[in-house]
Structures are given as structure tokens and as C-alpha cells.
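Presented below is the structure to which this report refers.
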Amino acid sequence: MPTDPIRVAMIGQKGYPPVHGGIERHVAELARRLVPLGFEVDIYSRPHYSDLDGPAGTPGVTVLRRPSIPTKHLDAITHTVVASCDVLRRPADVVHYHALGPGLMSWLPRWFGRRRTVVTVHGLDWARDKWGPFARWVLRTGETASARLPDRTIVVSRALRDHYKQEHRVAADYIPNGITPPNYRDAGVLTAAGLPTEFVLFAARLVPEKGCHLLLDAHARLPGPLRRRFPLLVAGDAGFTDGYAARLRDRAHPEVRFLGYVHGELLEALFSHATVMVLPSTLEGLSITLLEGMGYGRCCLVSDIPPNLEAAAGHAAVFPTGDADVLRTRLEALLEAPDERDRLAQAGQLHAIEHYSWDRVAERTAALYRELVTGDPKNQSRG
């Protein structure tokens, strides 16, 4: 006999559709795959992120646009409080929070609404450079809450799983991010936008922990002919870090192009043709950008933080975190070695396609939800 779908509410992401942001992309990819598996999904969205309110265009997925106070410190928590109260009057079986700050509210639906709650930890947000002492304390509290308050805790990397085991004695469920099959675009998409077809690519928000300032310094010190042949394209913009983004633009040399937030065909063209993708971050959960770059068959150069090493699995060039001098040296070597770029790109693509799939992410997450709702231990999803 047919059964009613399990209804899941997603809280913590900025919104839908995923214009920018790794968590937003994660939620969107997960939601549309959960529907065929027997679920309905409500995605809470912030007014400044998207105007969409209602059906998302995918049957079974609904966007609930609710207010927030759109400032650096209050945006996430105010929206989470509003969404957590709103969900109490809706027929949600599972309330799924994303990130440490929103996870602070995971007790409310569980205790007052008798809903099952899940928190996905996408990274240790308290370590981000943009936060002051009080915000760091709140987010550290959120980390403890994510380990203690929900019914289940999901982490997106093995490094985070080890962290939760060591720091909180919690066996978190490891369910990584995924990638979609590459949608290659002709170089004409780039030339039509006035962009080069050979370039170094940085694709991330302009926040200090993503390390764009390191890449600017490294790229500026490349030999002139190499720097002019392979200009730096920066795809991303500020995330409540306008001062940092302005400083990047002020210090940039002429061979740097700031493109702002990029999506759709142009982003696919950038992934299709980047000579080298650089991820110089000092903090990550498990970078979707890195996984996608590898999936597109790009040569990637990454900082040696554990999540980047985990994702790359030896199939990317690596430099010591925060070291702009070594970053310059490694970048110059790659730009002058097409055979090495091709070797890393091919190996990385095979690895990414084999190990990171949104379909598997959805299947494992669905199994976790069913176990929570039905109490059936056969749906165990811990990895």
C-alpha cells in the first residue's frame, strides 16, 4: 500500500534557489533528490537572498520565505528562531538544521513539537576570521549544541567526524557533499562575456578564511609574461565582509578581474576552461567548489588543511596553509607544466566522480530520516 511521504523542513541555509553558497547548494541538491525517495521538503529562505515564496519548481519542494534581521551577527540566528517557531505549526516529521549557529535551536522542535531533529555540520564556523569574541563563543556553543541537542548529527568530512569523536564523544554520521555531472560549456561563453580562455580561477565568497588575499599576493609575484597570459578571475563576492572585499579590490593588480557572484552558464564555462583552480582557504568543511573543480577535470591547487587533503586524496597540488611564497612557487610551476596539470586533472576527475555523488548523499540522508521516523535500525547510515 502507498504510504504518506515523510515531510522534512530545512533550516539554516540562506535560501533557495542556490544563487551562491555551499550550504545553499547542498540543500538544493539534496531536496530535489529526496522527493523521488518518498519525501516532501520545505526550505526556509531569507528575504534578502531570494524572492521565491511557495512552490520551488520541483514537485514536493516548497520555499517558505520568512523574515530575518539582515546584519552580519543577527541574520542567521533571527531567521532560525523565526523558522523554528514557524515549523511547530507545520506537519514536519523531521527538522533538519544546517550549520553550527542554526543548530542552537535544534532543541525547540524536538522538545515542543515532538519532531525529530538533525543538524548537519558543514564546518567549524567559530574559526572564521570575521567573527569577534562573542560571536565565536556563540558558535562554539553551537558546536556543543550540535553534538548534544538533535537526534542525529551529520558531518560532511571525515576530519569533522574525528573532531566530534575526540571533542564530544559523539559518533556523528559522515555524509559528504557531492557533485553533479559536469556541464561543459564552449569557450565562446567566456569570450562573449569579455573574459579570457586561459586563466587562474578563484571561486568562493570574499571572506578572509577563503584566502583570496593570499592568492592575490602570489599571483602578483608571478613573472610578468606568465601573469599576463594567465590572469586571475575571482568569482564571488562579500558575505557581510564588505570591508575585506573592498581591500582586495584596492590591492589587486591589473591582471585580476572581479566577477562578483557567478552562476549558470558562465560559472559552468569558468569550471570548463580554468587553467588552474586555486583553493587557498584556511578553513573548510568539505569544499563543494573543490569537488566540482575536480569533477570538471580541472587542475587544482589547494591549501593543506585536512578537509582539502581529504577531498583531493593526492590528486591536487598542495601548498602550506597561509604561505603565499610557496603558493606562488607551486602556481608558477603548474602554469609552466601542462603535462603535470593534465595528470592531476585526470586523476582528480576520476576520484571525484567515484567518491562524491549527490544521489548517494540523498540515499544515505533518506535512510537516516526513515530510521528516525520509524525507529528501524536497518536504515543505519553512519559511515
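The table below gives the values:
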quantity: Residue tally, condition closer than 30 Å to residue 18 by Cα and part of a helix (DSSP H, G or I), over region 220-246; calculated: 5
quantity: Conditions (1) modelled with pLDDT of 95 or more; (2) surrounded by fewer than 23 Cβ atoms within 10 Å (Cβ to Cβ); number of the one not met by residue 30; calculated: (2)
quantity: Residue match in region 234-255 (condition: crowded, with 23+ Cβ neighbours inside 10 Å and either touching a Phe, Trp or Tyr at 6+ places or on another chain (Cβ under 6 Å) or farther than 30 Å from residue 339 by Cβ (or both)); calculated: yes
quantity: Residue 191 surrounded by fewer than 20 Cβ atoms within 10 Å (Cβ to Cβ), at pLDDT 90 or above and either assigned to a helix (DSSP H, G or I) or in the same structural domain as residue 111 (by TED's automatic domain parsing) (or both); calculated: yes
quantity: Region 297-307 - residue that is assigned to a loop (DSSP other than H, G, I, E, B) and surrounded by fewer than 24 Cβ atoms within 10 Å (Cβ to Cβ) and, of those, nearest to the chain's Cα centre (by Cα); calculated: 305
quantity: Hey, residue 51 outside any helix (DSSP H, G or I), buried (at least 20 other Cβ atoms within 10 Å of the Cβ) and of a type in the set (Asp, Glu) or not; calculated: no
quantity: From 140, 169, 128, 136, residue being more than 19 Å from residue 25 (Cα to Cα), assigned by TED's automatic domain parsing to the domain that holds residue 80, at pLDDT 90 or above and not hydroxyl-bearing (Ser, Thr, Tyr); calculated: 169
quantity: Count of residues meeting criterion [in a helix (DSSP H, G or I) and farther than 27 Å from residue 218 by Cβ] in region 312-369; calculated: 16
quantity: Complete set of residues in region 332-359 that are touching a strand residue (DSSP E or B) at 6+ places or on another chain (Cβ under 6 Å) and farther than 28 Å from residue 174 by Cα; calculated: 334
quantity: Whichever residue in region 57-75 is of a type outside the set (A, V, I, L, M, F, W, C) and not in a loop (DSSP other than H, G, I, E, B) and, among such residues, is surrounded by the most Cβ atoms within 10 Å (Cβ to Cβ); calculated: 62
quantity: Criterion (outside the structural domain of residue 309 (by TED's automatic domain parsing) and touching a residue at least 12 places away in the same chain (Cβ under 8 Å)) met by exactly one of 148, 221, 228; calculated: 148
quantity: Unmet criterion (only one of (1) crowded, with 18+ Cβ neighbours inside 10 Å; (2) in contact with a Leu (Cβ under 8 Å, 6 or more places away or on another chain); (3) charged (D, E, K, R)) for residue 363; calculated: (1)
quantity: Scope region 66-76; condition without any contact (Cβ under 8 Å) to a residue 40 or more places away in the chain and either under 19 Å from the mean Cα position of the chain (by Cα) or more than 20 Å from residue 238 (Cα to Cα) (or both); matching residues; calculated: 66, 67
quantity: Unmet requirement for residue 78, which otherwise passes all of (1) closer than 19 Å to residue 361 by Cα; (2) outside any loop (DSSP other than H, G, I, E, B); (3) not aliphatic (A, V, I, L, M); calculated: (1)
quantity: Residue selected from region 93-104 under the condition assigned to a loop (DSSP other than H, G, I, E, B) and modelled with pLDDT under 95, by the criterion farthest from residue 154 (Cα to Cα); calculated: 104
quantity: Given (1) closer than 24 Å to residue 162 by Cβ; (2) at pLDDT below 95, index of the condition residue 348 fails; calculated: (2)
quantity: Pairs with Cβ under 7 Å, 6+ apart, first in region 332-356 and within 13 Å of residue 300 (Cβ to Cβ) and among the aromatic types (Phe, Trp, Tyr), second part of a helix (DSSP H, G or I) and at pLDDT 95 or above; calculated: none
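The values are calculated or read from the model by the stated rules, or taken from the named source; none is laboratory data. On a predicted model such as this, the values are computed, not experimentally measured, just so you know. Cβ atoms come from the backbone with ideal geometry, glycine included; neighbour counts cover every protein chain shown.
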